[in-house]
């Protein structure tokens with residue numbers, strides 16, 4: 001999966017983008033960023049943009065919609081039978 005990180009600031013700042021606790025990318029003294037980043041998601045995930053002092057500048061939760069639940073599997077036949 002490819003995500004696009006886009007942000008802008010009136011003054012140059014140092015920031016890093018995190019996927020949960022994993023650092024994806026960092027930028028130094030930038031006022032504007034528009035970058036594509038390859039990543040993988042297997043469950044709902046939160047992306048955060050953090051400055052060098054550890055302050056969260058932005059946060060976005062990405063929800064994964066699965067076509068079939070991985071926790072429960074449909075039974076192939078009924079539990080009971082007449083014959």
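Here are the numbers:
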item: Square roots of five times the Cα gyration tensor eigenvalues for the range 2-62, Å; result: 20, 13, 9
item: 15 Å reach of a label modelled at residue 25, 7 Å along Cα-to-Cβ, counting backbone N of the range 33-58; result: 33-40, 47-50
item: Distance in nm between pseudo-label sites at residue 33 and residue 8 (7 Å out along the Cβ direction from Cα); result: 1.6
item: Label point distance in nm, residue 61-residue 79, each placed 7 Å from Cα along Cα→Cβ; result: 3.3
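Laboratory data are not the source of any read-out in this text; all were calculated from the coordinates shown. Keep in mind that this is a model prediction, so the values were computed, not measured. All Cβ positions, glycine included, derive from the backbone under ideal geometry; neighbour counts span all protein chains shown.
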